[in-house]
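The values are calculated or read from the model by the stated rules, or taken from the named source; none is laboratory data. What you see is a predicted model, and the numbers here were worked out from it, not measured in a lab. Heads up, the Cβs are rebuilt from the backbone with ideal geometry, glycines too, and the neighbour counts pull from every protein chain shown.
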Amino acid sequence: EIHDGRYFLRLVVVDHNEYRSISEIEISLDNVAPTIVIDSPKTGNVLRADIIPIIGTINDLNFDTYVLEYLPPNDVWVEISRSAEPLVSSKLGDWNAVQLIAGGYQIRATAFDQAGNFTQTIPPIEIVLDDTKATATLTKPESNTYVNRSVQIYGIATDENFDRYILDFRSIGLKNQWHSIAVTQLGERKEEGLLANWRLSSLNEGIHEIRLTVFDKSGQFSQDQVRVIVDSTIPKSRIISPVSGQQVPQNISIIGSAYDLNFKKYTIEYGIGKSPVLWRSISKTGFLEAVLDGTLAEWNSPNLIGEYTLRLTVEDQVGQTSNHQIQVSFKDYVDNQRIEHVESLDGRAKLIFPPNCLTEQTIVTINPTTHGYEFAPRDLQLNPRKPATIEFTIHDMKEKIGIFRWDDRNEKSLLGSWKLIGGTSNHQERTISTTVTKLGQYAVLELANSTEEYAENPITSLNSQPRLFSPNRGEKTAISFQLNKPSNVTIKIYNIAGRLRRSFEGKGLISGNHVFWWDGRDNKNNLVVSNIYIITVETGNTIKTKTVVVKNN
């Protein structure tokens, strides 16, 4: 019941003579065991297999010694360190766990004082040694994938002692500037799943690197990185030729652009009408090479006739697409066995072929240009004895106009020039027409005052095509001729008995080719009978004649 502390013990010896002898010693009374506090590690900690410092306090007023030990799984206690020095909030020892296997371990300290009292860590500190790093694997997107707008990042973030994972990214070229990506659930282990939905709205185009870092509870971490290519630019899709609204032959060159820095492929499709329901591809597979202002395809269409829509669709590596549509009108072959009319889609330009004027089967198209119309194909061979007739409808008729052809190979100009062909004006029908033996670009232009310079008489190249026609079927014949200088012309048609049946007056005709249409009616607007008729064209003292046959079926 005596309190701990310092005491004196005294022995007194007295004999019968009352002599005394005294002996004294000083002692310490200690019934208190030493103090043990382990601050680190704590129970439940996961530690890497390394040199682990053990921090804490072991102290006593009458301290003697302490022993620090660890207990491996299913084994006996092993000494870590021992010391005769009391410590307060200091390193008690270094536990060399480098070679130890992963698993659960216990740590304890036993301290003794000089009185024989001792204290032991009860319960021992229970920790886990972890000798493997966490698993960090990015499974999607794959490296060098093209991305746009948003990316779903999938991967594996796991460990037996998993703690957390983070995602960040950087632009290639800015190697030290990593930026965080918001993850779905920071502390959730992912065996294989969605790690984040990455929004790219404010991200510049180019190559970027995604990094996954997975931590375990021991502080160890693993990383995985993939590169992605951000592309937010829509591909370029444009059909330059044919121009929308044009007439086209069966075989056409499709010219334009199908381009992107991260190009994948383009397709060309066609469908009936302006708003097709069903689209068909012009090729079995897509085109895999980008084109910039060049030939997209040479297409031999499958005998299409009428209005169709062509659609060009360009796709990039991200999956972004753009398309461009045009409307074209496929023309049929010219029937060389009868009078054939070919018109532009706006009806303002017309080409009339007499029978048997073509030397080969041909598709003819008429399309507007900046000046006039393009009559194609340019290399079409016409029978020079059977010229075709070009006719333009003019809403604003002027007195001095003519039909011109653009000559690319004019010796006087490297840029080419317009060459006057001729032109017969019909003010009542608001038309102007002339005969031609080759196609190309034709336009109606005003005549310069120098028109009078076209010289030399007489009338040449008088012709009538077709030479045999049936007025009761609505057919007409084109009476054509060339004037070598401006003149007034009278055209008369006689029967074989010499009686006048029809006459035309051409006043103030310009130099060049002219054409007058005879519908097989006389001056009283009655159909003439089937027979041979004589055509005369007179100017000044010059008269030219030609015969034509009327056959009413």
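Got a sec? Which strands (runs of 3 or more DSSP E) wholly within the stretch 355-399 have at least 1 residues that are among the polar types (S, T, N, Q)?
365-368, 388-393
Suppose we keep only residues that are charged (D, E, K, R) and exposed (fewer than 15 other Cβ atoms within 10 Å of the Cβ) within the stretch 339-362. Which one would you say is modelled with the lowest pLDDT?
Ranking the qualifying residues of the stretch 339-362, first place goes to GLU360.
Can you tell me which residues in the stretch 292-315 are of a type outside the set (A, V, I, L, M) and not in a strand (DSSP E or B)?
Result: SER301, PRO302, ASN303.
Does the stretch 140-156 contain at least one residue that is touching a strand residue (DSSP E or B) at 6+ places or on another chain (Cβ under 9 Å), buried (at least 16 other Cβ atoms within 10 Å of the Cβ) and without any contact (Cβ under 8 Å) to a residue 40 or more places away in the chain?
Yes, there is a match, as at least one residue in the stretch 140-156 is touching a strand residue (DSSP E or B) at 6+ places or on another chain (Cβ under 9 Å), buried (at least 16 other Cβ atoms within 10 Å of the Cβ) and without any contact (Cβ under 8 Å) to a residue 40 or more places away in the chain.
List pairs: first in the stretch 185-203 and free of Cβ contacts under 8 Å to residues at least 24 places away in the same chain, second among the basic types (Lys, Arg), Cβ under 7 Å, 6+ apart or cross-chain?
Correct list of pairs: LEU186/ARG164.
Of the residues VAL328, VAL318, only one is in a loop (DSSP other than H, G, I, E, B) and surrounded by 18 or more Cβ atoms within 10 Å (Cβ to Cβ); which?
On inspection, the qualifying residue turns out to be VAL318.
Just checking, how many residues over the stretch 53-73 are at pLDDT below 95, hydrophobic (A, V, I, L, M, F, W, C) and crowded, with 17+ Cβ neighbours inside 10 Å?
1
Within the stretch 64-75, identify whether any single residue is within 19 Å of LYS42 (Cα to Cα), in contact with a Phe, Trp or Tyr (Cβ under 6 Å, 6 or more places away or on another chain) and of a type in the set (A, V, I, L, M, F, W, C), and answer yes or no.
Looking through the stretch 64-75, at least one residue is within 19 Å of LYS42 (Cα to Cα), in contact with a Phe, Trp or Tyr (Cβ under 6 Å, 6 or more places away or on another chain) and of a type in the set (A, V, I, L, M, F, W, C).
For VAL230, only one of the following conditions fails: (1) closer than 17 Å to GLN327 by Cβ; (2) in contact with a His (Cβ under 7 Å, 6 or more places away or on another chain). What is its number?
Among (1) closer than 17 Å to GLN327 by Cβ; (2) in contact with a His (Cβ under 7 Å, 6 or more places away or on another chain), VAL230 violates only (1).
Checking LEU527 against (1) under 19 Å from ASN426 (Cα atoms); (2) touching a helix residue (DSSP H, G or I) at 6+ places or on another chain (Cβ under 7 Å), which test does it fail?
(1)
Take the stretch 133-174 and flag every residue that is of a type in the set (Val, Ile, Thr) and closer than 26 Å to LEU47 by Cα.
Of everything in the stretch 133-174, those that are of a type in the set (Val, Ile, Thr) and closer than 26 Å to LEU47 by Cα turn out to be THR135, THR137, ILE156, THR158, ILE166.
Regarding the stretch 280-289, can at least one residue be identified that is surrounded by fewer than 20 Cβ atoms within 10 Å (Cβ to Cβ), touching a Pro at 6+ places or on another chain (Cβ under 8 Å) and in contact (Cβ under 8 Å) with a residue 12 or more places away in the chain?
no
Scanning the stretch 200-237 for residues that are part of a loop (DSSP other than H, G, I, E, B) and hydroxyl-bearing (Ser, Thr, Tyr), which turns out surrounded by the most Cβ atoms within 10 Å (Cβ to Cβ)?
SER218
Let's see how each residue does on (1) more than 30 Å from ASN96 (Cα to Cα); (2) out of contact with any Lys or Arg (no Cβ under 8 Å at 6 or more places or on another chain); (3) outside the structural domain of ALA84 (by TED's automatic domain parsing); (4) assigned to a strand (DSSP E or B):
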site: ALA157; (1), (2), (3), (4): no, no, yes, yes
site: ILE166; (1), (2), (3), (4): yes, yes, yes, yes
site: VAL183; (1), (2), (3), (4): yes, yes, yes, no
site: LEU194; (1), (2), (3), (4): yes, yes, yes, yes
site: TRP198; (1), (2), (3), (4): yes, yes, yes, yes
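Which members of the stretch 95-125 meet the condition of being hydrophobic (A, V, I, L, M, F, W, C), assigned to a strand (DSSP E or B) and either touching a residue at least 60 places away in the same chain (Cβ under 8 Å) or in contact with a Lys or Arg (Cβ under 6 Å, 6 or more places away or on another chain) (or both)?
Selection gives ILE107, ALA109, ALA111, PHE112, PHE118, ILE125.
Of the conditions (1) polar (S, T, N, Q); (2) part of a loop (DSSP other than H, G, I, E, B); (3) at pLDDT 90 or above, GLN152 satisfies every one except a single condition; which number is it?
Among (1) polar (S, T, N, Q); (2) part of a loop (DSSP other than H, G, I, E, B); (3) at pLDDT 90 or above, the lone unmet condition for GLN152 is (2).
Hey, could you check the stretch 238-275 for residues that are in contact with a Phe, Trp or Tyr (Cβ under 7 Å, 6 or more places away or on another chain) and of a type in the set (A, V, I, L, M) and say which is surrounded by the most Cβ atoms within 10 Å (Cβ to Cβ)?
ALA258
Out of the stretch 104-134, which residues are surrounded by 18 or more Cβ atoms within 10 Å (Cβ to Cβ) and farther than 21 Å from THR35 by Cβ?
TYR105, ILE127, LEU129, ASP130, ALA134
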